[in-house]
Amino acid sequence: MASLNPSGYEKFSAPPSAPPKLGQEAATTGVPFSTPNQYYTDSTYQTKTRLKTKTRVPWSSGLCDCFSDWRNCCITCWCPCVTFGQIAEIVDKGSSACGVNGALYTLIACVTGCACCYSCFYRAKMRQQYMLKKHPCGDCLVHCFCEYCALCQEYRELKTRGYDLSIGWHGNMEKQSREVAMTPMAPVVEDGMSQ
């Protein structure tokens with residue numbers, strides 16, 4: 001049915017017994033109703049498929065593989081604020097500096113003795129960014145009972161993903177842009193032309 005209002009806007013609606021087709025909006029009646037045949041709009045379908053396709057991946061190394069990178073293991077053991085600062089700068093994508101995060105970590109450790117409460121939030125943020133599994137248990141438990149192992153694991157994960165934590169976020173972005181600029185482009189060949 002079509003109705004014409006004074007403004008010239010036409011509103012089309014389907015009979016109440018038939019559900020709207022894909023991509024069509026339902027007539028607004030003010031009363032919610034459901035039918036046995038559920039329909040999905042494009043955005044609902046895309047959201048549901050996006051949620052299904054995002055699966056959690058395992059960490060690239062185990063929690064107790066600290067000695068696989070013995071240099072970082074020693075630094076983390078003697079001065080965990082350095083490792084934490086480097087991790088936090090990369091996870092924050094350069095919005096906070098390594099030195100500031102490391103100093104705050106040290107301050108919290110000296111005042112409360114529970115710097116793990118601060119660092120566990122960065123583990124959770126990192127897991128969300130890279131879709132990592134909660135393994136072997138929740139983020140706070142990992143940091144409360146294995147703080148140094150957790151920091152080493154996070155450091156190794158970022159290193160495996162191609163970051164050089166010693167140069168910080170901005171240094172990594174410059175390095176990445178230089179590598180992209182130096183990569184030769186493939187020649188464009190039009191259809192029908194011989195190579």
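Against the definition (at pLDDT below 90 and either in a helix (DSSP H, G or I) or among the polar types (S, T, N, Q) (or both)), how does C140 come out, yes or no? So C140 passes the test. Within the stretch 91-136, the residues that satisfy the criterion of being within 12 Å of P80 (Cα to Cα), open to solvent by less than 20 Å² (accessible area, probe 1.4 Å) and in a helix (DSSP H, G or I) are N101, G102, Y105, S119.
Taking the stretch 54-81 as the region of interest, how many residues are within 20 Å of Y130 (Cα to Cα) and either at pLDDT 90 or above or among the charged types (D, E, K, R) (or both)? Summing the residues that are within 20 Å of Y130 (Cα to Cα) and either at pLDDT 90 or above or among the charged types (D, E, K, R) (or both) in the stretch 54-81 gives 3.
Is it true that Y40 is at pLDDT below 90 and not in a helix (DSSP H, G or I)? It is true that Y40 is at pLDDT below 90 and not in a helix (DSSP H, G or I). Taking the stretch 57-76 on its own, how many of its residues are of a type in the set (A, V, I, L, M, F, W, C) and outside any helix (DSSP H, G or I)? The total comes to 4. Does at least one position in the stretch 172-185 carry a residue that is more than 17 Å from the chain's Cα centre (by Cα), within 22 Å of V100 (Cα to Cα) and open to solvent by 50 Å² or more (accessible area, probe 1.4 Å)? Among the residues of the stretch 172-185, at least one is more than 17 Å from the chain's Cα centre (by Cα), within 22 Å of V100 (Cα to Cα) and open to solvent by 50 Å² or more (accessible area, probe 1.4 Å), which makes the answer yes.
The values are calculated or read from the model by the stated rules, or taken from the named source; none is laboratory data. Computed from a predicted model, the values in this text were never measured in an experiment. The area values use the complete protein model at the heavy-atom level, side chains included, leaving out ligands, DNA and RNA. Shrake-Rupley method; radii C 1.70, N 1.55, O 1.52, S 1.80 Å.
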